[in-house]
Structures are given as structure tokens and as C-alpha cells.
1. For the condition touching a His at 6+ places or on another chain (Cβ under 8 Å), open to solvent by less than 40 Å² (accessible area, probe 1.4 Å) and either modelled with pLDDT under 95 or part of a strand (DSSP E or B) (or both), what is the one hit in L75, L120, L105?
2. Pick out the one residue from D13, D22, D3 that is farther than 14 Å from L122 by Cα and open to solvent by 30 Å² or more (accessible area, probe 1.4 Å).
3. Where the second residue is open to solvent by less than 50 Å² (accessible area, probe 1.4 Å) and the first is on the phi > 0 side of the Ramachandran plot and lies in the range 114-131, which pairs have Cβ atoms under 8 Å and are six or more apart or on separate chains?
4. Among the residues of the range 83-102 satisfying the criterion of being in contact (Cβ under 8 Å) with a residue 24 or more places away in the chain and part of a loop (DSSP other than H, G, I, E, B), which is least open to solvent (accessible area, probe 1.4 Å)?
5. From V80, V129, grab the single residue that is within 20 Å of D22 (Cβ to Cβ) and either crowded, with 23+ Cβ neighbours inside 10 Å or β-branched (V, I, T) (or both).
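The values are calculated or read from the model by the stated rules, or taken from the named source; none is laboratory data. If you're wondering where the values come from, they're calculated on a predicted model, not measured in any experiment. Please note: Cβ atoms are built from the backbone with ideal geometry, for glycine as well, and neighbour counts cover all protein chains shown. Accessible surface areas use protein heavy atoms only, side chains included; no ligands, DNA or RNA. Shrake-Rupley method; radii C 1.70, N 1.55, O 1.52, S 1.80 Å.
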Amino acid sequence: MEDLIQGRLGGADGYDIRCAIDGDKIAGRAGGKLYGKDLELEITDRGVRGSVGDESLSIELEGGELRGHVGSQKLVLRGVDRVTGFLGQPIVGWNIVAQQQGETLSGQLGSTVLGRGFELQLGSAPGWVGTLVAVVAFYALEPRASFGA
């Protein structure tokens, strides 16, 4: 049986996420066939690198936090099972909060009014990996106006 991260970002009007886990590599798709992006992540001994659509991501472990960029946006993540962080710039960015319960991860990007909730089944992945997958999918599929670009 395949080890998967799968679920939904944004509720009924959101996007499906489905990724296969193969060792330190995660590959899959956010969104559907007509409107979606492929994503590939590789966990390295220094952090995570990869791509979503035509954009790259690179984050490194610094002082107990993952710091780097997803495309043009800054990303900071802290924690393993309970993950917090931030995507974007201070005024036009998105807070990140997620909590792992067993193999399920529930979280929120941005406020409860304007943000996007997500729920993922993690397979064997830890909560921080599922949170990263949700953030990358959000970045790839949300209009750039959401980031002030």
C-alpha cells in the first residue's frame, strides 16, 4: 500500500491535495486536472527543497525553525506536531497554525474569516511535513493578489 498525504485545503470551495511519500521525497498534486499544480519536495539534512508548478522552494533549519522561501514569499515554520508560522510579509502575509492528532492534521492559513482551513491525512509523515504541503499548495493555487504581489 502506498504512503500518502491527502486531504483538502479550503473546504467545499477549495482544493484537493494528494501526494505520495517515497523515503525523503514527496510528489503529488494540489488541485484538479484543469486547475492544479504538481509539487515535489525533498527533505535534506539541512531542510527542504523542491518545486511547485514553475516555482522553486528552499527552506533550511535555523535555530529550531524552518526558514526560507516558497517562490517569492518568505516562510517560517516552527514545531513538529503543533506547527505555527508565517508565509509572506508582515502586513500582507498569512499566519499558519496546525495541529496533528494521530495521522490527521488540521490547520488554518490566515484568519478564520478570510483564511483557508485544511485537513490532511498524513500517512507516516509528521505534522510539519503536512503543514508544509498545505502551505505550498496554498501558495501555488491562490491568486497572487492575496500576497500583495
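1. L75
2. D13
3. Here the result reads G123/D3; G123/L4; G123/I5; G123/I21, each pair linking the range 114-131 to a residue that is open to solvent by less than 50 Å² (accessible area, probe 1.4 Å).
4. G88
5. Numbers: V80 fails: within 20 Å of D22 (Cβ to Cβ).
So the residue among V80, V129 that is within 20 Å of D22 (Cβ to Cβ) and either crowded, with 23+ Cβ neighbours inside 10 Å or β-branched (V, I, T) (or both) is V129.
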